[in-house]
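What follows draws every value from the coordinates through simple rules; no lab data is involved. Keep in mind the model is a prediction, meaning the values are calculated, not measured. Counting neighbours? That spans all protein chains shown, and the Cβs are built from the backbone with ideal geometry, glycine included.
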């Protein structure tokens, strides 16, 4: 069964391909994704690596956690499943009725 790894403290210049290359030295990599900010497109400094082999994933955690890549020490551990979040509500009021209408009809 495939394991998904969390990789933190990445340099902001890291790419998906660069992350995949770094982890492929330890074992087979299905995918590597850097998480980016939706507004700016800039890296948020962390990502995820999916590895098909559990033993290689554990080896990657042992060898890559604390490993210095692009001048930064990586934090690597097994990714936790995404927690359920309640749906977002509202936002800002677009005008609607606020009461206290000052117009006299």
Given the conditions (1) closer than 16 Å to residue 75 by Cα; (2) free of Cβ contacts under 8 Å to residues at least 60 places away in the same chain; (3) touching a helix residue (DSSP H, G or I) at 6+ places or on another chain (Cβ under 8 Å), every one holds for residue 14 apart from (3)
When segment 32-90 is checked residue by residue, the ones that are part of a loop (DSSP other than H, G, I, E, B), out of contact with any strand residue (DSSP E or B) (no Cβ under 7 Å at 6 or more places or on another chain) and under 14 Å from residue 2 (Cα atoms) are 52, 53, 80, 81
